[in-house]
Amino acid sequence: MRVVIDTNVLVSGLFWSGAPSEIVHAWKSGVLQTFMTEDIFDEYQRVFLHFSKKIDIHNVETLFQNLVSKAHVVFPNEELQQMKFCDDSDDDKFIVCALTAGDATVISGDKHLLTVSGKYGINVLTPGKFVKNYL
């Protein structure tokens with residue numbers, strides 16, 4: 001399955017248990033075909049570094065590097081990058097990535113992303129709903 005994973009899901013999955021952790025495990029094991037843009041990678045890295053300083057978990061950096069190395073990087077065109085999709089423009093990058101990847105589902109708990117589910121031909125699912133329906 002082709003997915004774009006919101007940063008909140010990645011961080012939750014790396015540092016805690018539950019549905020996000022199951023999604024990260026599926027990503028790690030190759031069950032999910034995960035996509036990201038350079039903007040998403042930059043956000044992943046920034047947020048990961050912030051949390052990794054606060055929470056001491058053995059080998060989490062290795063896991064993070066392993067995950068991002070398995071993701072497919074896509075390069076959206078300039079026109080798509082300039083479009084507005086969400087009320088919070090910081091979330092637009094996930095819709096842009098899904099559109100560029102083609103037929104990718106966004107996994108997020110963010111209300112701004114969830115409200116655009118079904119628009120633009122993109123599904124946005126919470127981690128719990130994604131795990132229940134697809135894993």
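Brief remarks on what is shown
- Taking a point 7 Å from the Cα of residue 103 along the Cα-to-Cβ direction, the residues of the stretch 18-44 with backbone N closer than 19 Å to it are 31-36.
- Here the peptides 6-15, 107-116, 62-71, 80-89 are ranked by packing, the mean other Cβ count within 10 Å, and the order with the highest first is 6-15, 107-116, 62-71, 80-89.
- Longest to shortest principal axis, alpha-carbon extents of the stretch 2-134, angstrom: 41, 30, 25
- In nm, spacing of pseudo-spin labels at residue 33 and residue 16 (7 Å Cα→C-beta vector): 3.2
- Checking the cross-link pairs 28/119; 84/129; 93/119 against a 23 Å limit on the alpha carbon distance flags 28/119; 84/129 as lying beyond it.
- Value of relative contact order over the chain, rounded to a whole percent, pairs C-alpha under 8 Å and six or more apart: 31
- Residue exposure proxy: 132, 28, 93, ordered by other Cβ atoms within 10 angstrom of their Cβ from fewest to most, comes out as 132, 28, 93.
- Were the residues from residue 87 through residue 66 laid out at 0.36 nm apart, the gain over their Cα-Cα distance would be 4.3 nm.
The numbers here are math on the coordinates, done by the rules we state, and not lab data. From a predicted model like this one, the values you see are computed outputs, not experimental measurements. So basically every Cβ, Gly included, is an ideal-geometry build from the backbone, and we count neighbours across all protein chains shown.
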